[in-house]
Amino acid sequence: MVGRVSLLFRRSTDRPDRPHRSPRPVGRLRLRHPAQVVGIGFALAILVGTLALMLPATTTGPEGAGLLQAAFTATSAVCVTGLVVVDTPTYWNGLGQGIILTLIQVGGLGIMTLASLLGILVSRRMGLRTRMTAAVETKSLGLGDLRSVIKNVVRMSLLIEAVVALLLIPRFLLAYDASWPKAVWLGVFHAVSAFNNAGFALYSDSLIGFASDPWICLPIAAAVIMGGLGFPVLFELRRRFRTPRRWSMHTRIVLWASAVFLVGGSLFITAVEWANPATLGPMDTRGKLLAGFFNAVMPRTAGFNSIDTAAMTPSGWLGTDILMFIGGASAGTAGGIKITTFAVLFFVLYAEIRGESAVNIFGRRLPTGVQRQALTVVLLSVAAVTVSTLAFMLSTDFSLDRSLFEVISAFSTTGLSTGITADLPEPNQVLLIFLMFIGRIGPITAASALALRRRDRLYELPEERPVIG
């Protein structure tokens with residue numbers, strides 16, 4: 001095929017001291033790491049989504065969206081973020097909203113997961129390259145059962161979304177006088193957006209109108225939590241729910257850390273916003289507790305809000321910044337540095353303070369490679385957030401707390417905003433697009449996709465310790 005792009009991964013038999021290598025074939029692009037394919041897959045999905053949203057038939061006005069508006073919305077949908085520069089329910093018509101919903105579903109499941117599933121359905125077989133690529137996207141530990149894993153990912157996603165939609169539809173129908181077609185559309189759209197941690201809503205004020213309605217808030221919060229736990233945890237809970245002693249270290253870390261952040265975040269948000277007349281102040285006690293819990297769940301990178309985020313106190317913004325930056329669990333629809341990364345560094349710190357030579361978690365020893373990976377993720381993430389916030393401060397008149405909030409929200413693919421997204425200069429909106437993309441595919445994946453090869457040292461240097469602290 002003319003112009004075919006061939007994906008050639010480096011063979012395990014390659015040696016760095018080989019005197020000769022065969023020349024790269026003309027017209028072929030050599031991609032040496034599956035992470036590169038993941039990045040290209042997401043980029044192509046964003047491109048297709050941008051072109052689709054630029055069609056005049058997707059907007060409520062006579063003309064289609066501009067390039068930046070379409071690209072920002074497509075990136076936000078594919079990267080399951082939820083930041084917008086135009087009002088979703090009023091700017092996009094039914095077709096435009098349908099395209100956004102499709103992009104959310106594609107981004108949530110993962111481009112490579114969908115591609116692998118289609119390959120299974122068509123040819124009933126999967127090549128090694130495809131399995132390696134899908135393993136990067138699904139964070140699978142092994143390739144042997146990847147086919148069943150991908151099938152289960154799709155099945156579980158659709159099942160949870162269907163259950164949440166069935167819970168929401170009657171409420172929209174009976175309590176808010178929505179017609180059957182509208183109630184079904186509202187239920188399906190918000191269920192898919194919630195489980196995929198996207199945060200897109202079909203109301204201009206997100207879910208502020210339902211702040212005191214547990215029949216709307218709790219199913220959406222449950223979908224966000226399940227999507228934020230990650231598929232490996234959901235699979236293991238399904239198999240071994242009654243035997244917690246057999247749970248893996250990863251599942252235990254995710255469940256314990258999720259519980260801590262959900263409870264701690266709920267108490268913090270409720271406490272600091274309790275008397276704020278622009279957020280929780282006018283509500284009764286029951287409404288404050290519900291809204292405090294809901295808005296502590298959403299920084300797991302969902303992006304819905306049932307109180308006015310722009311009116312929160314600076315303390316509330318800072319606490320939300322921390323929750324967004326940490327995010328949810330790996331191999332799910334959440335973003336951030338992941339709670340497993342945070343937990344690993346916490347246990348590394350705990351072991352170092354105690355003077356222990358090894359890091360032990362729940363009766364298991366943590367490999368040093370995992371510790372380095374966690375440190376790399378955090379440092380790359382901090383660098384991205386710091387540089388981007390500095391760029392915001394130099395190019396806009398917005399305060400530090402608003403700029404930091406917007407940057408972390410984009411990088412962690414959360415979608416919460418203090419209301420400045422649409423008012424940002426175009427270069428800053430392009431920067432947010434880049435942050436959403438990098439935040440979705442992950443700092444490690446992005447860095448490894450840029451590396452052409454792995455360089456192995458054939459020698460070790462003498463050891464020497466610098467003075468720390």
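The values are calculated or read from the model by the stated rules, or taken from the named source; none is laboratory data. On a predicted model such as this, the values are computed, not experimentally measured, just so you know. Every residue, glycine among them, receives a Cβ derived from its backbone with ideal geometry; neighbour counts consider all protein chains shown. For the accessible areas, the whole protein counts, side chains as well, though only heavy atoms, and no ligand, DNA or RNA atoms are used. Shrake-Rupley method; radii C 1.70, N 1.55, O 1.52, S 1.80 Å.
Take Glu352, Glu406 and sort them by solvent-accessible surface of the protein heavy atoms, 1.4 Å probe, largest at the top. Before the final figure, lay out the partial values.
On the way: Glu352 140, Glu406 0 Å².
Putting Glu352, Glu406 in descending order of accessible area: Glu352, Glu406.
With a 1.4 Å probe and all protein chains in place, put Arg242, Arg402 in order of accessible area, largest first. Mind showing how you got there, number by number?
Details: Arg242 220, Arg402 65 Å².
Result, largest first: Arg242, Arg402.
If ligands, DNA and RNA are left out, what is the accessible area of Asp401 with a 1.4 Å probe, given in Å² to the nearest 10?
50 Å²
For the range 68-108, rounded, prolate or oblate, judged on the Cα gyration tensor with a ≥ b ≥ c (square roots of eigenvalues), a/c < 1.5 rounded, else prolate if a/b > b/c? Before the final figure, lay out the partial values.
On the way: a/c = 1.94, a/b = 1.21, b/c = 1.60.
Here the range 68-108 falls in the oblate category.
Given the Cα-Cα distance of Asp423 and Ala162 and 0.36 nm per residue of separation, how much length would full extension add, in nm?
On the way: separation 261, 0.36 × 261 = 93.96 nm, distance 3.61 nm.
Length gained, Asp423 through Ala162: 90.4 nm.
Just read off the accessible area of Asp423 with the full protein assembly in place, 1.4 Å probe, to the nearest 10 Å².
Approximately 110 Å² for this residue.
Could you give the length gained by full extension between Arg372 and Ser248, i.e. 0.36 nm per residue of separation minus their alpha carbon distance, to one decimal place?
Values: separation 124, 0.36 × 124 = 44.64 nm, distance 2.06 nm.
Roughly 42.6 nm would be gained on extension.
Taking the full set of protein chains and a 1.4 angstrom probe, give the accessible area of Arg354 in square angstrom, rounded to the nearest 10.
Estimated to the nearest 10 Å², Arg354 gives 140 Å².
Points 7 angstrom from Cα along the Cβ direction at Ser395 and Phe346: gap in nanometres?
Reported label-point gap for Ser395 and Phe346 is 3.6 nm.
Computed FRET efficiency, Cβ-Cβ of Ala358 and Tyr176, R0 60 Å: what is it to the nearest 0.05? Mind dumping the intermediate values first?
Working: r = 56 Å, r/R0 = 0.94.
The pair Ala358/Tyr176 has a calculated efficiency of 0.60.
Are there chymotrypsin sites (Phe, Trp or Tyr not before Pro) in the range 318-368 that DSSP puts in a loop and that have at most 16 other Cβ atoms within 10 Å, and which ones?
Phe362
Which length gain, in nm to one decimal place, applies between Arg155 and Ala310 when the Cα-Cα distance is subtracted from 0.36 nm times their residue separation?
Numbers: separation 155, 0.36 × 155 = 55.80 nm, distance 3.74 nm.
Between Arg155 and Ala310, full extension yields 52.1 nm more.
Can you sort Ile160, Ile104, Ile208 by solvent-accessible area, 1.4 Å probe, largest first? Don't jump to the answer; show the numbers that get you there.
Numbers: Ile160 20, Ile104 0, Ile208 60 Å².
Per-residue accessible area, sorted high to low, gives Ile208, Ile160, Ile104.
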